[in-house]
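Below is one structure, written out as structure tokens, with a few remarks after it.
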Amino acid sequence: MLSKFGRHVAVGRVGVHNMDMDGAQLVGRVAAVLRAVSSAMPAGAGTTAVADATGLARPTAHRILSSLAADGFVDRGDSRW
């Protein structure tokens with residue numbers, strides 16, 4: 001979908017998100033988050049641990065984890081993913 005400014009945006013469950021980030025960069029970040037969570041199994045990992053393991057800012061890691069959880073790719077329980 002194009003916004004009124006001619007930029008591509010995605011309309012999701014949470015709202016409208018700007019899609020200026022390069023797709024390959026996004027896929028790389030998602031893959032890094034999934035690797036960080038899977039390597040912490042079975043105990044799981046907190047958001048800060050995932051951010052530290054991936055080099056992402058904590059809010060960025062949290063947004064990616066929340067999106068993955070909304071789509072069923074990760075579970076959340078007792079402050080761990």
* Asked: Restricting the search to segment 33-46, which residues are part of a helix (DSSP H, G or I) and more than 17 Å from residue 72 (Cα to Cα)?
  -> 39
* Look at residue 56 and say whether it is in contact (Cβ under 8 Å) with a residue 24 or more places away in the chain, out of contact with any strand residue (DSSP E or B) (no Cβ under 9 Å at 6 or more places or on another chain), surrounded by 14 or more Cβ atoms within 10 Å (Cβ to Cβ) and part of a helix (DSSP H, G or I). => no
* Residues of segment 60-81 that turn out to be outside any strand (DSSP E or B) and open to solvent by 90 Å² or more (accessible area, probe 1.4 Å), as a count -> 6
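The values are calculated or read from the model by the stated rules, or taken from the named source; none is laboratory data. Small disclaimer: the values here were computed from a predicted structure and weren't measured. Cβ atoms come from the backbone with ideal geometry, glycine included; neighbour counts cover every protein chain shown. Each accessible area value is taken on the protein alone, full model and side chains, heavy atoms only, with ligands, DNA and RNA left out. Shrake-Rupley method; radii C 1.70, N 1.55, O 1.52, S 1.80 Å.
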